[in-house]
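Here the structure is laid out as structure tokens; the discussion comes afterwards.
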Amino acid sequence: MANKVVCPKVFHDLRRFARCLNTAPVVPPMNFTGNYGSTVTTPTLQPTDQILADPEKKVINFDDVKELFTGVSTLKLIRSSLTLQMASIESMVDLGVWVMNSKFMHMPIFKEVILGFVKSTFYEHFCAGKDLIEVRKTVSKLSNVGLKGMLDYGVEHATENESCDQSMKVFLQTAELAKSLPSSSVSFVVVKITAICTPKLLKRMSDLLRWEQKDPSLNLPWKQKTLPLFAKSSPFYHTLKRPEPLTVDEERDLQLAHDRLEKICKKCLELDVELLIDAEDTAIQPAIDYFAYSAAIKYHKDDYPLIFGTIQAYLKDSKERMIIAKKAAEKIGVPMGFKLVRGAYMSSENELASSLGFKSPIHDSIQQTHNCYNSCAEFMLDEIANGSGAVVLATHNIESGKLAASKAIDLGIRKDGKKLQFAQLYGMAEGLSFGLRNAGFQVSKYLPFGPVEQVMPYLIRRAEENRGLLSTSAFDRQLMSSLIWQRIANTNLIGSNF
């Protein structure tokens with residue numbers, strides 16, 4: 001008997017789906033002040049709708065698209081524009097997520113066809129390649145247009161010590177690759193703690209760290225010297241009862257995880273390659289911060305940080321936690337670096353808090369998140385101007401990029417990238433990346449790599465982000481389209497621009 005296939009809702013609206021293929025979506029403006037889930041439509045942004053109120057203070061220039069995309073071929077612009085267009089169609093994203101989670105992916109022929117399509121479109125646009133050989137080529141291409149790479153092995157959520165050891169080996173190889181490339185082409189090796197320590201153990205550690213914050217008398221014999229992990233406003237609903245101590249096996253696995261991170265840190269210190277530790281959801285973030293901060297205390301380069309933690313500005317406690325950790329590091333003479341992002345786990349965070357009967361740890365509106373991000377950036381820039389710390393401002397938001405660039409110039413912060421640099425995901429916010437590059441700042445692109453199937457969770461998140469909150473996708477497509485038509489109009493169709 002044939003299996004009955006239940007189709008997703010998207011199939012019941014094929015006419016609207018087809019129309020979407022020919023139209024760019026209307027996106028909320030970058031100063032949107034409503035709720036995250038609002039469906040109110042607004043006019044599409046124009047490249048000349050600049051954010052700064054003072055027209056004389058145009059730090060980033062988007063008006064001259066020819067200069068903006070210097071070094072980018074027309075074919076690259078066309079492929080990028082088409083891929084971003086597909087990723088911005090809500091029906092297509094829904095269909096893609098449904099397909100990737102369906103039983104069809106267990107059918108070899110169907111799976112091969114789908115992964116082949118993904119590889120030739122979204123994967124090649126958002127990822128640096130399947131291995132370090134392909135990563136080297138991608139980094140070289142970025143370097144040719146004045147951008148650096150942040151090398152991110154795209155493995156997520158190890159399940160046992162064997163896979164953790166394998167991930168560590170790849171991280172070490174990635175550091176070796178970074179050193180072998182010109183210093184002007186790579187800025188960071190990115191490490192996910194979930195790749196060298198299982199999420200299950202990270203959750204146990206986080207519960208114990210939270211309970212210790214509530215009850216300082218709790219003894220954690222495995223805990224190393226670290227920086228403060230919590231603020232008064234931090235959420236504690238994840239741990240509603242006193243956790244059991246780590247078992248002997250868990251303490252052994254924790255020591256193995258420490259050993260893995262130490263090997264990576266020693267290698268990066270030896271090679272003079274900076275290390276960036278990614279953030280995760282709040283259920284396990286305390287343990288990740290614990291790893292990042294304890295390693296930062298042990299390993300740094302004189303007055304410059306070797307290890308950068310990540311702060312997610314969409315969390316209500318983010319600025320308070322960052323300031324507390326930064327001041328504590330300064331007090332003991334440890335240079336601390338932070339990567340500042342908005343955040344990528346909004347749906348799961350909201351669902352967990354709601355299921356437990358608590359308010360979401362995430363700001364109530366996107367504007368509050370924007371305000372928090374800009375405030376955190378301002379704090380770190382002031383700290384840097386006073387000689388302390390370093391920051392990577394990872395943002396796709398044009399207003400945040402402009403405000404930070406303007407303030408950095410006002411404060412006289414050097415643009416050599418030692419204390420300040422900007423970053424965007426590979427394949428996204430190209431206009432902002434090139435605009436900041438042209439303004440003289442060091443700009444890096446976040447380069448996930450690994451086999452297609454392995455980085456699929458990352459690709460799904462990129463598609464979901466692209467359709468939801470990132471107005472830069474529509475903005476980029478307008479900039480690219482403008483330049484494409486300019487080049488076509490200039491009749492030199494088969495010259496070096498292609």
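The values are calculated or read from the model by the stated rules, or taken from the named source; none is laboratory data. Here the structure is a predicted model, which is why all the values come from computation and not from measurement. Don't worry about glycine lacking a Cβ; one is built from the backbone with ideal geometry, like all the others, and counts go over all protein chains shown. Side chains are part of the model used for accessible areas, which takes the heavy atoms of the whole protein and leaves out ligands, DNA and RNA. Shrake-Rupley method; radii C 1.70, N 1.55, O 1.52, S 1.80 Å.
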*Mind listing whichever residues of the range 182-220 are in a loop (DSSP other than H, G, I, E, B), of a type in the set (A, V, I, L, M, F, W, C) and surrounded by 18 or more Cβ atoms within 10 Å (Cβ to Cβ)?*
Ile196, Cys197
*Which one of these does Ile264 not meet: (1) open to solvent by 10 Å² or more (accessible area, probe 1.4 Å); (2) within 30 Å of Ala313 (Cα to Cα)?*
(1)
_Counted residues, the range 357-372 - those being open to solvent by 10 Å² or more (accessible area, probe 1.4 Å) and in a helix (DSSP H, G or I)_ = 6
*For residues in the range 384-400 being open to solvent by less than 20 Å² (accessible area, probe 1.4 Å), over 15 Å from the mean Cα position of the chain (by Cα) and not β-branched (Val, Ile, Thr), which is farthest from Val341 (Cα to Cα)?*
Gly389
*When you look at Thr121, is it open to solvent by less than 40 Å² (accessible area, probe 1.4 Å), of a type in the set (S, T, N, Q) and touching a helix residue (DSSP H, G or I) at 6+ places or on another chain (Cβ under 6 Å), yes or no?*
yes
*Please state which one of Thr74, Thr70 is modelled with pLDDT of 85 or more and surrounded by 18 or more Cβ atoms within 10 Å (Cβ to Cβ).*
Thr74
*Name, by its number, the condition in (1) at pLDDT below 95; (2) within 21 Å of Asp281 (Cβ to Cβ) that does not hold for Gly389.*
(2)
*Examine the range 126-136 for a residue that is open to solvent by 10 Å² or more (accessible area, probe 1.4 Å), under 18 Å from the mean Cα position of the chain (by Cα) and among the charged types (D, E, K, R), and state whether such a residue exists.*
no
*Could you count how many residues in the range 318-332 are open to solvent by less than 10 Å² (accessible area, probe 1.4 Å) and closer than 18 Å to Phe236 by Cβ?*
2
*Picking from Ile114, Ile78, Ile109, which residue would you name as being in contact with a Phe, Trp or Tyr (Cβ under 9 Å, 6 or more places away or on another chain) and of a type in the set (A, V, I, L, M, F, W, C)?*
Ile114
*Within the range 162-171, identify whether any single residue is aliphatic (A, V, I, L, M), open to solvent by 50 Å² or more (accessible area, probe 1.4 Å) and closer than 30 Å to Asp416 by Cα, and answer yes or no.*
no
*Would you check which residues across the range 181-203 are without any contact (Cβ under 8 Å) to a residue 24 or more places away in the chain and either over 18 Å from Ala257 (Cα atoms) or small (Gly, Ala, Ser) (or both) and list them?*
Ser183
*Just a yes or no: is a residue in the range 144-155 of a type in the set (A, V, I, L, M), open to solvent by less than 30 Å² (accessible area, probe 1.4 Å) and assigned to a helix (DSSP H, G or I)?*
no
*Index of the failed condition, Lys141 passing every other in (1) farther than 29 Å from Ile277 by Cα; (2) open to solvent by 30 Å² or more (accessible area, probe 1.4 Å)*: (1)
*Which residue, of Ala404, Ala429, Ala423, is more than 19 Å from Ile277 (Cα to Cα), buried (at least 16 other Cβ atoms within 10 Å of the Cβ), touching a Phe, Trp or Tyr at 6+ places or on another chain (Cβ under 9 Å) and modelled with pLDDT of 95 or more?*
Ala404
_So for the range 98-112 (the condition being under 23 Å from the mean Cα position of the chain (by Cα) and assigned to a helix (DSSP H, G or I)), does at least one residue qualify?_
yes
_Please verify whether Asp410 is over 18 Å from Lys58 (Cα atoms) and surrounded by fewer than 20 Cβ atoms within 10 Å (Cβ to Cβ), treating the condition exactly as stated._
no
